[in-house]
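Take a look at the structure below.
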Amino acid sequence: MDLRRAKVRILGEEYTILSEAEEDYIYSLSEEVDRKLRELGAGMPGASKQKLAILAALNFADELHQAKEIKDEPNSVSTKIGEVELEEKLVNSL
């Protein structure tokens, strides 16, 4: 388990993140979080950073939930790919 250290800036504050993930990935995530917080803050002037963080977390949770629902739909691309792969295996076994 090799932890990498990445310094990121979110809403003007610096955070040190320890992670096994690549630094570029951590920077990308932090930029997305910063963008979401600033977007929410623009629509809610005077809101505390804590309130913005909670709303951003809810937004990200909603996006994740919707993505999981799409992935699990019977007609989703990943489901169709799995069905094609299964059919291919069946044909190849004949």
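The values are calculated or read from the model by the stated rules, or taken from the named source; none is laboratory data. Values in this document were obtained by computation on a predicted structure and should not be read as measured data. Virtual Cβ from ideal backbone geometry, glycine too; neighbours counted across all protein chains shown.
Pairs are defined by a Cβ separation below 7 Å, a sequence spacing of at least 6 or placement on different chains, a first member in the stretch 28-45 that is in contact (Cβ under 8 Å) with a residue 24 or more places away in the chain and surrounded by 12 or more Cβ atoms within 10 Å (Cβ to Cβ), and a second member that is of a type in the set (S, T, N, Q) and assigned to a helix (DSSP H, G or I); the pairs so defined are LYS36/ASN59.
Within the stretch 57-72, residues that are at pLDDT 85 or above have Cβ atoms under 7 Å from residues that are assigned to a helix (DSSP H, G or I) and surrounded by 10 or more Cβ atoms within 10 Å (Cβ to Cβ) in these pairs: ASN59/LYS36, counting only partners at least 6 apart in sequence or on another chain. The set of residues in the stretch 11-25 that are of a type outside the set (Ser, Thr, Tyr) and either touching a Leu at 6+ places or on another chain (Cβ under 7 Å) or farther than 29 Å from PRO45 by Cβ (or both) comprises LEU11, LEU18, GLU20, ALA21, GLU22, GLU23, ASP24.
Here GLU32 does not fit the description of being of a type outside the set (A, V, I, L, M, F, W, C), modelled with pLDDT under 85 and either closer than 30 Å to ASP2 by Cβ or out of contact with any Lys or Arg (no Cβ under 7 Å at 6 or more places or on another chain) (or both).
Among the residues of the stretch 46-64, the ones that are exposed (fewer than 10 other Cβ atoms within 10 Å of the Cβ) and part of a helix (DSSP H, G or I) come to 1 in all.
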